[in-house]
Amino acid sequence: MHASDPTMHIGELADQTGLSLRTIRHYDEIGLLKPSGRSEGGFRLYTQPDLERLLLIRRMKPLGFALEEMIDLLSIMEARATSSEDDAGVAAKLDQYLSEARERREKLRSQLEMADEFVARLERL
């Protein structure tokens, strides 16, 4: 983190993501989202890339990915973004996660359709 990078405290990060302070602290403890720095008083400091990472994590949650899977997937995504070489192993793992995400999304779509049918039925009563 450079001194000129704009930073935010955990409360602001929580406000911008809709996640609780407890959740964000837990993500720090398990290594899912480390703060970019600390203030002189020891408070966590986050940057725009940290916010973007947390928003990405939040998008994984409805698909039911385990925290370990999220950590693995984020490391794969970072490897793809920072490497100029195609790593067949990384590409294969990414394809596997993509397939899994599509399957989980389809399951959610089906559940939402059933919920909509139920709501419509209740509205007719």
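The values are calculated or read from the model by the stated rules, or taken from the named source; none is laboratory data. Note that this is a predicted model, so its numbers are computed, not measured. Every residue, glycine as well, gets a Cβ built from its backbone with ideal geometry; the counts of neighbours run over all protein chains shown.
In the set GLY18, GLY37, which member is surrounded by 12 or more Cβ atoms within 10 Å (Cβ to Cβ), touching a residue at least 12 places away in the same chain (Cβ under 8 Å) and of a type in the set (Gly, Ala, Ser)?
Checking each option against the conditions leaves just GLY37.
Quick check on this structure: which one of GLU113, GLU106, GLU100, GLU85 is of a type outside the set (Val, Ile, Thr) and modelled with pLDDT under 95?
Exactly one of GLU113, GLU106, GLU100, GLU85 is of a type outside the set (Val, Ile, Thr) and modelled with pLDDT under 95, namely GLU85.
Considering only residues that are surrounded by 10 or more Cβ atoms within 10 Å (Cβ to Cβ), over 17 Å from the mean Cα position of the chain (by Cα) and part of a helix (DSSP H, G or I), which ones fall in region 72-91?
Once the filter is applied, which keeps residues that are surrounded by 10 or more Cβ atoms within 10 Å (Cβ to Cβ), over 17 Å from the mean Cα position of the chain (by Cα) and part of a helix (DSSP H, G or I), region 72-91 yields VAL90, ALA91.
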